[in-house]
1. Tell me, which residue of region 73-116 that is open to solvent by 80 Å² or more (accessible area, probe 1.4 Å) and in contact with a strand residue (DSSP E or B) (Cβ under 8 Å, 6 or more places away or on another chain) is farthest from Asp44 (Cα to Cα)?
2. Any residue in region 179-206 that is under 21 Å from Val398 (Cα atoms) sitting within a Cβ distance under 6 Å of a residue that is assigned to a helix (DSSP H, G or I)? List the pairs, counting only those 6 or more apart or interchain.
3. The conditions are (1) over 19 Å from Arg394 (Cα atoms); (2) over 31 Å from the mean Cα position of the chain (by Cα); (3) basic (Lys, Arg), and Lys300 fails exactly one of them. Which is it?
4. Quick one: which of Tyr24, Tyr38 is among the aromatic types (Phe, Trp, Tyr) and open to solvent by 50 Å² or more (accessible area, probe 1.4 Å)?
5. Checking Asn132 against (1) open to solvent by 60 Å² or more (accessible area, probe 1.4 Å); (2) at pLDDT 95 or above, which single condition isn't satisfied?
6. Would you point out which residue out of Gly33, Gly43 is touching a residue at least 24 places away in the same chain (Cβ under 8 Å) and buried (at least 19 other Cβ atoms within 10 Å of the Cβ)?
7. If only one of Ile380, Ile409 is part of a strand (DSSP E or B) and either surrounded by fewer than 16 Cβ atoms within 10 Å (Cβ to Cβ) or touching a strand residue (DSSP E or B) at 6+ places or on another chain (Cβ under 9 Å) (or both), which one is it?
8. Taking helices (runs of 4 or more DSSP H) that fall entirely within region 219-299, which contain at least 2 residues that are open to solvent by 10 Å² or more (accessible area, probe 1.4 Å) and either within 28 Å of Lys338 (Cα to Cα) or small (Gly, Ala, Ser) (or both)?
Amino acid sequence: MIVELISVGTEILLGNIVNTNAAYLSEQCALLGLSLYYQSVVGDNEQRLAETLEMAMERSDVIILSGGLGPTQDDLTKEVAAKVCGKELVPDEHSKNRIEEYFKNIGARKITDNNWKQAMVPEGSIVVDNHNGTAPGIIMEVNGKSVILLPGPPNELRPMFERDIFPYLNKLQPETISSVMVKMCGVGESAVETEIQDLINGQSNPTIATYAKTGEVHLRVTAKAVDEKEAKKLLKPVVKELKNRFGTKIYTIDEKVSLEEAVIEMLKEKELTLTTAESITGGMLSARLTNVPGASEVFKQGFVTYCNRAKRKLLDVKKSTLKDYGAVSEKTAKEMAKNGAFATGSDVCISLTGIAGPATEEDKPVGLVYMACSYNNKIIVKELHLNGERAKIRENAVVKALTMLRECILNDVEE
């Protein structure tokens, strides 16, 4: 089956917002085994949107439109799609009740008339409830084609797709698609690809696709079969082989588990407590860790010691260390980790200090990062040279720290 994406919104064309919906939907379509050949971005213009949809319906089996379902005059997607598909808009009492309930729950005293526009749906369409907003999703089945309308806000689109649209599309497929996401850290994309080149060259079913993330590599293993049980049976030996080749570099095979969630779970399993001591990342590491539900069971405290005075006062870094070696040094990173663990009584402390730029400091290059891990009265330190602009360096440093923390616990900080 051929699928096509149409993203609606002048703000996307102008670059005011990043089109994250297209990236998400593309990945989901690949997971479903759909062939995605075309993507379009159309502004809030009735004629151009109609022309784009008409062309899409000539060449694709499934057309997914995102955006333009709101209450304002420039929200035209539903109206244009209904016209192109030859459908009249009719009131949907269920959607009207949900809109009324939504505004009641948020304490709105009055519902403006334009909001009721969202309760008008193409006749004969499948209405998909929006559990995070007011605009329902729409599925129109016309002449063997499926035209799917989704709200633009990602926090509405993604849950709706996962809850209702994914199962709908999966049923349209003649075969069942099943996949596993093998996530790993501490190894580069080129090294991973080299290691599995024989598997890629010989693949047919299942298939392996590589995705590079910041500091991580994800491998999606996908199988097609007559039913889910048979598809999972095909996946099992491939996943087993990947585990044999990459070992502890793999931190999960659960698509929904992030690296920080895997680290928190490891700390819980081993009954360890954690402290962070950050300079270059300014609290980004502790923010990712504490974003995980239940992190309070293991996360004791996070120090953000951005200036030298804070390093001395809060982490007892020696004045002579800062003077002789500098804030960005192996010795400073070690003292931050050692003293952070001592100050809080934590089993583990991970520290980061470095230069994110754009200017150099202490006659040291931008991207120089030292991180140290204190565990079991031992300290290991790493020197990294990270590339990119300031934000990229800081983001990469956080992932490297999470990876180092995980490795230290797994290896018991071997010197």
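1. The selected residue is His94.
2. Going by the 6 Å Cβ cut-off, the qualifying pairs are Val182/Leu242; Met184/Phe246; Met184/Lys249; Cys185/Leu259; Cys185/Thr403; Gly186/Lys249; Gly186/Thr403; Val187/Lys249.
3. Failed condition: (2).
4. When all the criteria are applied, what remains is Tyr38.
5. Only one criterion in (1) open to solvent by 60 Å² or more (accessible area, probe 1.4 Å); (2) at pLDDT 95 or above is unmet by Asn132, namely (2).
6. Result: Gly33 is the single residue among Gly33, Gly43 that is touching a residue at least 24 places away in the same chain (Cβ under 8 Å) and buried (at least 19 other Cβ atoms within 10 Å of the Cβ).
7. Ile380
8. The helices (runs of 4 or more DSSP H) meeting that bar are 259-269, 284-290.
The values are calculated or read from the model by the stated rules, or taken from the named source; none is laboratory data. Since this is a predicted model, take the numbers as computed values, not measurements. Backbone-built Cβ (ideal geometry, glycine too); neighbour counts: all protein chains shown. The accessibility values were calculated without ligands, DNA or RNA, using every heavy atom of the protein model including side chains. Shrake-Rupley method; radii C 1.70, N 1.55, O 1.52, S 1.80 Å.
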